[in-house]
Amino acid sequence: MRRLRSLISLELVWLLLIAFFINFSIIYGRKMPVGANGGDTVIHMGIIRGIYLGRNPFLDQHYNVPPNWYPFLYHLLIAALSKLTNISIWTLMIWTPLIFAMLMVTAWYFLGRELNKEYGGLLLGALSFLIMGSQLFPNPKALIPILLALLYLEIVKYLRKRKRKHAVYAGVLLGLMLWSHVGASFPVLAGVLLYALLKLKEDKNLLLIPLVAVVVISPYLINIALHVQPEATGMVEGLWLKELTLNRTWVRIKPPLWGFALLLTALVIAFRKKENEEFWKFMLVSISAMLLVNILPSILYSTMGLEIFPSRFAIPLRYSSVLLYFYAITELIRSAKVRKIVVYAIATILVLHGSLGFLHYNYTHISSKVTYKNFTELRDGYGGKYVTGLVKVSEWVNKNTQRDDYIIGHPYTLEWIAGFTGRPVVAVTFGHGNPFIDMEERREDIKRFFKDPQDRKEVVEKYGVRYAIVDPFVVRTYNVTVDSFSSDFRVVFEWGDFYVLEIQNSSLIFS
């Protein structure tokens, strides 16, 4: 009990209550997860559902083939929670951002308290409200600020106590970050590795952190190395090359003006101060490495034409900058006579600023604004019939098909069907495909299936297709109707302009 009292303070309770009410106020009344109107959230939902149904998580959950291109810690966590609690994945994706937000504030609070026993917990916990926007969308990147704070906490402990266990714990946490999102964690790995190499003669144990992290993530990397297809893009799909301009890089990494002032203050103090705790030296090296990782893709593209998807690299840089804000503030108020009052005032301002910014983000982002409607109320260009059709077809698929029954249709529709049912599909939309398999070939096969009747048998056998969906997108894109199919394709479900066709027996088709 005494140990519990020492961990829980009134300051932490105050921060958590505010975090709870701010998040609860925007989540209460939601009828669908943020982003469920289309995009990444639907993709993550499909991965979660596939794992929930018991499919091997090292397989791509959309295509039922290796490798799974996305690290699946988050998806495994949500699927397990759904199994254990019997709460639907849909509902969990609405409410878990509240839980993650409170865990994030808690993690940064304990990091702050470790750095400054007097008032560090309150100050850094308040600063964490500035990154509350990381918890708006239900996706794997929501775990990054939680694990990052815990990683830095273990690094602080190691640098103070020099106990190897803390270096190992830090490595495991960095590995879990990589299992959440490789792109958002790689700059952190680069920073830790650079510092470990600079300190190699003085302390070889620092190398344990990146080494353990690589060991932890190695099953994911090995799976990709073993199964990457020759014609794969090897990079995130999409028209993202504009992200490689130096201007776009600056937009991603630039802090607000007040943040820039604090960062500049932190740098001036750090270089003028004769004695700095080693953790702050580590942070300066680490953030320098993160900056380099963010800028390097633009330089490589402009000089050598190399294309490296960079936009997620800025995520840990923004979160880590919060620590330099903390450093600057603690140094500036160190000599204040009424330090505690000053800290409470600053913490209150930070919490208010962060909370109001988060609320504004929620109520202005289109993917968040629409969540207070039912999914079937979304505007779709078909008077609501398309989204209702998606729901009706998904309900039928869930009740009448097996987990691994392959479905073909328009990629846009298949993206939703996979998200709602977890069934494997031939392809999803451009920009959301697996970069380690030949997505172009899959989309071309869909086109051949619908436009060229003579190619249908080949496509069916190639993917083991069991069902085809004919919907408004198929009719409009491929100029085909349900009447274009032979008797080997039996209509087993019909709603409005949606038809589900079952392939009777692939070995008998076109015999």
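The values are calculated or read from the model by the stated rules, or taken from the named source; none is laboratory data. Only a predicted model underlies this, so the values are computations on that prediction, with no experimental measurement involved. Note: ideal-geometry Cβ built from the backbone for every residue, glycine included; neighbour counts use all protein chains shown.
Structure values in brief
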item: Candidates Lys242, Lys201 - the one that is part of a helix (DSSP H, G or I), of a type in the set (Lys, Arg) and surrounded by fewer than 15 Cβ atoms within 10 Å (Cβ to Cβ); result: Lys242
item: Cross-chain or 6+ apart pairs with Cβ under 8 Å, the range 163-174 first and farther than 18 Å from Ala149 by Cβ, then basic (Lys, Arg) and not in a loop (DSSP other than H, G, I, E, B); result: Lys163/Lys157
item: 3 or more residues surrounded by fewer than 21 Cβ atoms within 10 Å (Cβ to Cβ): qualifying helices (runs of 4 or more DSSP H) within the range 408-500; result: 439-451, 456-463, 472-478
item: Selection count where residues are among the acidic types (Asp, Glu) and over 21 Å from the mean Cα position of the chain (by Cα), scope the range 219-249; result: 1
item: So Arg379, is it modelled with pLDDT under 95, of a type in the set (Lys, Arg) and assigned to a loop (DSSP other than H, G, I, E, B); result: yes
item: Checklist (1) modelled with pLDDT of 95 or more; (2) more than 25 Å from the chain's Cα centre (by Cα); (3) not in a loop (DSSP other than H, G, I, E, B) applied to Asp404, failing item; result: (3)
item: Residue satisfying condition, being among the acidic types (Asp, Glu) and more than 25 Å from Ala149 (Cα to Cα), within set Glu237, Glu275; result: Glu237
item: Helices (runs of 4 or more DSSP H) contained in the range 46-163 and holding at least 3 residues surrounded by fewer than 22 Cβ atoms within 10 Å (Cβ to Cβ); result: 73-85, 89-115, 144-161
item: The range 48-70 residues that are under 11 Å from Tyr220 (Cβ atoms) and without any contact (Cβ under 8 Å) to a residue 24 or more places away in the chain, paired with ones that are part of a loop (DSSP other than H, G, I, E, B) and of a type outside the set (A, V, I, L, M, F, W, C) (beta carbon under 9 Å, 6 or more apart); result: Pro57/Asn68
item: Filtered residues of the range 252-263 (kept if within 17 Å of Met290 (Cβ to Cβ) and either among the polar types (S, T, N, Q) or loosely packed, with under 13 Cβ neighbours inside 10 Å (or both)); result: Lys254, Phe260
item: Residues that are farther than 24 Å from Ser311 by Cβ and modelled with pLDDT under 95, drawn from the range 204-243; result: Gln229, Pro230, Glu231
item: Matching residues in the range 281-308 - criterion: being surrounded by fewer than 18 Cβ atoms within 10 Å (Cβ to Cβ), of a type outside the set (A, V, I, L, M) and in contact with a helix residue (DSSP H, G or I) (Cβ under 9 Å, 6 or more places away or on another chain); result: Lys281, Ser288, Ser302, Glu307
item: Verdict on Tyr363 being in a helix (DSSP H, G or I), in contact with a helix residue (DSSP H, G or I) (Cβ under 9 Å, 6 or more places away or on another chain), crowded, with 17+ Cβ neighbours inside 10 Å and among the hydroxyl-bearing types (Ser, Thr, Tyr); result: no
item: Members of the range 151-171 found to be under 14 Å from Trp108 (Cα atoms) and among the hydrophobic types (A, V, I, L, M, F, W, C), listed by number; result: Leu151, Leu153, Ile155, Val156
item: Filtered residue count, the range 204-233, keeping only those that are of a type in the set (Ser, Thr, Tyr) and part of a helix (DSSP H, G or I); result: 2
item: Count of the range 475-496 residues which are in contact with a helix residue (DSSP H, G or I) (Cβ under 6 Å, 6 or more places away or on another chain) and within 17 Å of Asp445 (Cα to Cα); result: 2
item: Positions within the range 215-244 being aromatic (Phe, Trp, Tyr) and either more than 19 Å from Asp40 (Cα to Cα) or free of Cβ contacts under 8 Å to residues at least 12 places away in the same chain (or both), in sequence order; result: Tyr220
item: Selection from the range 309-345 of residues that are in a loop (DSSP other than H, G, I, E, B), free of Cβ contacts under 8 Å to residues at least 40 places away in the same chain and either within 18 Å of Leu127 (Cα to Cα) or touching a helix residue (DSSP H, G or I) at 6+ places or on another chain (Cβ under 7 Å) (or both); result: Ile333, Arg334, Ala336
item: Residues satisfying the stated conditions in the range 384-407, i.e. buried (at least 22 other Cβ atoms within 10 Å of the Cβ) and farther than 28 Å from Lys373 by Cα; result: Ile407
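Every residue, every condition in (1) in contact with a helix residue (DSSP H, G or I) (Cβ under 6 Å, 6 or more places away or on another chain); (2) of a type in the set (A, V, I, L, M, F, W, C); (3) without any contact (Cβ under 8 Å) to a residue 24 or more places away in the chain, yes or no:
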{"position": "Gly433", "(1), (2), (3)": "yes, no, no"}
{"position": "Phe436", "(1), (2), (3)": "yes, yes, no"}
{"position": "Phe498", "(1), (2), (3)": "yes, yes, no"}
{"position": "Leu501", "(1), (2), (3)": "no, yes, no"}
